[in-house]
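Beneath this line is the structure, given in structure tokens, with notes to follow.
What follows is calculated from the coordinates using simple rules that are stated; it is not laboratory data. Since this is a predicted model, take the numbers as computed values, not measurements. Glycine also receives a Cβ, built like all others from the backbone with ideal geometry; neighbour counts cover every protein chain displayed.
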Amino acid sequence: MSALRMGLREGVGEILVFSLGLVPWAIATGIAMRASGLSIGESLAMNVLVFAATAQLGTLPLLVSEAPVWLILATAAILNLRFVIYSAAMAPAFHDQPWARRALGSYLLVDVVFLVQGPGLLQEQDAQRRWGRFLGAGLWCWGTWQIASLVGIVGASWVPEHWSLGFMGTIALLVLLVPMCRERVMLVTALAAGASALLLRDLPLRTGVIAAVIVGLVAGYLFERRQQGVAREQ
Amino acid sequence: MGEWRLYGIFALMFFATWLTRGAFLLAGERVRLPAGMQRFLRFAPAAALGALIAPELVGGTGQPLDFLSPRLVAAAAVVLVVLRWRNPWVPFLAGMGVLLALQHLGR
């Protein structure tokens, strides 16, 4: 068996259990896209092209209210900024791979793959096997995600509208936010951003969202500096 | 044109999400992220999520603020459930259950 195939098999094995956590998320995303008024075709296109649940769910309210395109793109990019950190951490595992593999790898990089494989992948010396492991895990998650969201996308048609299924998208975002807020500074950041978003909700073109994100970032930064200042004095 | 507008936006969003994920994979090892920048970026997800979720729960553009909305109560149930259980299905069942129950009672 080639190193690549060995890696593929290994990668799928590593991710198998964890990929199950994607299923409710994917179904919720599928339902939320339809509940926002996207057609089945549009939902499928968004799912394959964007392939980033948080960016998809977060931009739905903006897409529906016909917010300007730059704001939609900026929101998608901000929601994905955590991946900049992931990709900085993963880069050494890709430095010896050809460009096409790095490009495909960038598309397939999702939270669960980074969290499960991130550190271990860097230890793998064989470049073929290392790529195989990442590709196996990445493709497995992609397939799981697409199939489970298809269930939500198609299933949403049979649910009456007054069930407010769009709220599934908000729940999914909350499920992501709550564990982050175990860290005090993240809670401060989220609360500051949330309160500002409420106060600035009537700014034109929904630009209040971006303004609130900036307030949150600054609040988090200042809070962390104060925390460190207090720690130093003690 | 309106029909294709969304597909065009999705194509642009592909680049927005692909480039953020690929930032350092595509650049190879030539570029490193400065530590100060990394610390700042750490706050981005929490800030963005807070800014997007709050108006959904309390009141968005053109709506009055409602701190007793069924959505906010349902969100509180989701928070409690997420803190207590690791099962990924429970938050969705709890949140939708509370929301639908409150909407039913309100009618």
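Looking at the stretch B:33-41, can you tell me whether even one residue there is within 22 Å of residue A:57 (Cα to Cα), within 17 Å of the chain's Cα centre (by Cα), facing chain A (nearest Cβ under 7 Å) and not in a loop (DSSP other than H, G, I, E, B)? Yes, the stretch B:33-41 contains at least one residue that is within 22 Å of residue A:57 (Cα to Cα), within 17 Å of the chain's Cα centre (by Cα), facing chain A (nearest Cβ under 7 Å) and not in a loop (DSSP other than H, G, I, E, B). Condition check for residue A:209 on (1) surrounded by 23 or more Cβ atoms within 10 Å (Cβ to Cβ); (2) outside any helix (DSSP H, G or I): one failure, at (2).
Which of the residues that make up the stretch A:173-209 are facing another protein chain (nearest Cβ under 8 Å) and either touching a residue at least 40 places away in the same chain (Cβ under 8 Å) or of a type in the set (Lys, Arg) (or both)? Passing the criteria: A:173, A:175, A:176, A:185, A:201, A:206, A:209. The helices (runs of 4 or more DSSP H) falling completely within the stretch A:98-203 that include 1 or more residues that are over 23 Å from the mean Cα position of the chain (by Cα) and under 24 Å from residue A:81 (Cα atoms) map to A:99-108, A:184-199. Just to check your reading of the model, which residue among A:27, A:78 is under 17 Å from residue B:51 (Cβ atoms) and crowded, with 18+ Cβ neighbours inside 10 Å? Result of the check over A:27, A:78: A:78.
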